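I have placed the structure first, in the form of structure tokens, so that the comments after it can refer back to it.
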Amino acid sequence: MSAPGRIGVIGGGAWGTALAQTARLGGSDVLLWAREPEVVADINVQHRNSLFLPDVPLDAGLKATADLSEIAHCPTLLLVCPAQHVRSTALALAGKIRTGTTIVICAKGLEQATGKLLGSVLAEELPEASPAVLSGPSFAADVARGLPTAVTLAVTDAAQGRVLAERLAGRHFRIYWSDDLIGTQLGGAVKNVLAIAAGIVDGRELGASAHAALVTRGFSELRRFGEALGARNDTLMGLSGLGDLLLTCGSAQSRNMSLGRALGQGKSLADILGERRSVAEGVFTAAAVVRRARELGLEMPICEAVLAIVDGKLTVDAAIDALLSRPLKAEG
């Protein structure tokens, strides 16, 4: 395990900025890397991130850089880039980090091209790193404003988990540690796909009963998928599984649910994405989840329906009809 020192945050979006702010308020020396020069300047001069997290004043001690080599020297790195950029970011860090550098994956998704967990992607490109995963029910704006939040930190070593949790936690940002990296990653990935479906239900005004049924049956899909890949049931029932699912499927503040809601209201995916700066990970993760499920011989009809919609193979109404016309079966 790396010695304590500066915490580096790779990703200047809302979530990266919120995590950087929390760590800084907790007393850590924090350096944030952002791709956008205007974000770097805004943080360093105005102590704000007007582009991605407006109206939240940032601690004056939080510093930003556009130089990845500078941040690579930090003994602890939070990887907060979009899920589909984890491999390219890891490749950019290759040869720059020290052996044993702790890299905490804070993105939620599966790699679309390969269907791999992000931890596997990191291990392939940066085998010298010490991996961890941070996931759970958390909106960036809530965390940045200091509203109470609880998340899961997964590491292979309990002692490392305790030390790292103490470094990253704050009075209003509680961290529970686990050694189930697979389950912690899967909950955050699959819930994004299911949140699109929940948003479609909301956008189509199908009612609270339909929403409850969708989330419950979606959780069944998540559990089947997780158990087939080696996740523990207690992890899937915890913050990074059920907790994150409930949050993401229950609020239009969720990028994935709001995208599904717009789809349900009749907007095209191209138009929705064209209006946004932020990434809705479920759009890309859906294909990876469905591919892996088919390889494992698992039925995941809700995830299949989401993929068919975002791929343009089914209309929203046709996908709903297909789900409702499935043969009746026993629960469980």
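The values are calculated or read from the model by the stated rules, or taken from the named source; none is laboratory data. Predicted model, so just to flag it, every value in this text is computed and none were measured. All Cβ positions, glycine included, derive from the backbone under ideal geometry; neighbour counts span all protein chains shown. Note: areas computed on protein heavy atoms with side chains; ligands, DNA, RNA excluded. Shrake-Rupley method; radii C 1.70, N 1.55, O 1.52, S 1.80 Å.
Summary table
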| read-out | value |
| --- | --- |
| Boolean, ALA318 is of a type in the set (Gly, Ala, Ser) and either touching a residue at least 24 places away in the same chain (Cβ under 8 Å) or within 18 Å of ALA198 (Cβ to Cβ) (or both) | no |
| Selection within region 272-293 - farther than 17 Å from LEU117 by Cβ and surrounded by 12 or more Cβ atoms within 10 Å (Cβ to Cβ) | ILE272, LEU273, ARG276, SER278, VAL279, ALA280, VAL283 |
| Residues of region 300-326 that turn out to be outside any loop (DSSP other than H, G, I, E, B) and open to solvent by 70 Å² or more (accessible area, probe 1.4 Å), as a count | 3 |
| Only listed residue being part of a loop (DSSP other than H, G, I, E, B) and hydrophobic (A, V, I, L, M, F, W, C), chosen from LEU186, LEU147, LEU194, LEU134 | LEU147 |
| Members of region 274-295 that are closer than 19 Å to LYS191 by Cα, in a helix (DSSP H, G or I) and either without any contact (Cβ under 8 Å) to a residue 24 or more places away in the chain or hydrophobic (A, V, I, L, M, F, W, C) (or both) | VAL283, PHE284, ALA286, ALA287, ALA288, VAL289, VAL290, ALA293, ARG294 |
| Members of region 197-215 found to be open to solvent by 50 Å² or more (accessible area, probe 1.4 Å), outside any helix (DSSP H, G or I) and out of contact with any helix residue (DSSP H, G or I) (no Cβ under 7 Å at 6 or more places or on another chain), listed by number | GLU205, LEU206 |
| Cross-chain or 6+ apart pairs with Cβ under 9 Å, region 98-118 first and free of Cβ contacts under 8 Å to residues at least 40 places away in the same chain, then open to solvent by 30 Å² or more (accessible area, probe 1.4 Å) and in a loop (DSSP other than H, G, I, E, B) | THR99/GLU128 |
| Total residues in region 1-44, condition under 23 Å from the mean Cα position of the chain (by Cα), open to solvent by 20 Å² or more (accessible area, probe 1.4 Å) and small (Gly, Ala, Ser) | 3 |
| Total residues in region 248-273, condition assigned to a helix (DSSP H, G or I) and farther than 27 Å from GLY12 by Cα | 2 |
| Failed condition for THR156, given (1) open to solvent by less than 50 Å² (accessible area, probe 1.4 Å); (2) among the β-branched types (Val, Ile, Thr); (3) not in a helix (DSSP H, G or I) | (1) |
| Which numbered condition ALA165 fails, given (1) touching a Ser or Thr at 6+ places or on another chain (Cβ under 8 Å); (2) surrounded by fewer than 23 Cβ atoms within 10 Å (Cβ to Cβ) | (1) |
| Yes/no for LEU239 being in contact with a Gly (Cβ under 9 Å, 6 or more places away or on another chain), open to solvent by less than 30 Å² (accessible area, probe 1.4 Å) and under 27 Å from THR156 (Cα atoms) | no |
| Helices (runs of 4 or more DSSP H) enclosed by region 49-125 - at least 3 residues per element that are under 30 Å from GLU295 (Cβ atoms) and open to solvent by 20 Å² or more (accessible area, probe 1.4 Å) | 86-93, 118-125 |
| Top-ranked residue of region 267-283 - restricted to ones that are under 20 Å from the mean Cα position of the chain (by Cα) and charged (D, E, K, R), ranked as nearest to GLN84 (Cα to Cα) | GLU281 |
| Test for LYS329: is it under 20 Å from LEU206 (Cβ atoms), open to solvent by 80 Å² or more (accessible area, probe 1.4 Å) and of a type in the set (D, E, K, R) | no |
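Okay, residues lined up against (1) touching a strand residue (DSSP E or B) at 6+ places or on another chain (Cβ under 8 Å); (2) of a type in the set (Lys, Arg); (3) at pLDDT 95 or above:
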position	(1), (2), (3)
GLY119	yes, no, yes
LEU122	yes, no, yes
GLU125	no, no, yes
LEU134	yes, no, yes
VAL151	yes, no, yes
ASP157	no, no, no
ASP179	yes, no, yes
THR184	yes, no, yes
